[in-house]
Amino acid sequence: MLRIVALLNRRARAMPRRSPRTSVTPALSIAKTTDSALTPAMSIKDAMRAFDDTESDTLIVVDSLDHRRLLGTLNEAYATRRYAEEMERNQSF
């Protein structure tokens, strides 16, 4: 089963490293909704359901729903593409 943590790990390796910024914008200040968050343990089906429920293109990924330490974001288009790639890869075996 494809988990969100696998999507984050692959995306992190593909992203170039950036130099530290002098000013940082808190994630919550630009969030459309603070009610919905993903955790690495959730399945891709859980994530897709959350995208549908919130009608958001991007959701935050937090360490746990209790602590809510920001780990990153997950974009619906990226998640859908990776899910399709994984399904295709599994069918070829």
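The values are calculated or read from the model by the stated rules, or taken from the named source; none is laboratory data. In this text the structure is predicted, and so the values were computed from the model without any measurement. Protein only, heavy atoms only, side chains kept; ligands, DNA and RNA dropped before computing areas. Shrake-Rupley method; radii C 1.70, N 1.55, O 1.52, S 1.80 Å.
Which one is modelled with the highest pLDDT, of the residues in region 17-52 that are open to solvent by 80 Å² or more (accessible area, probe 1.4 Å), among the β-branched types (Val, Ile, Thr) and assigned to a loop (DSSP other than H, G, I, E, B)?
25
Looking only at region 53-93, count every residue that is more than 13 Å from residue 38 (Cα to Cα) and in a helix (DSSP H, G or I) and tell me the total.
Final tally of qualifying residues: 14.
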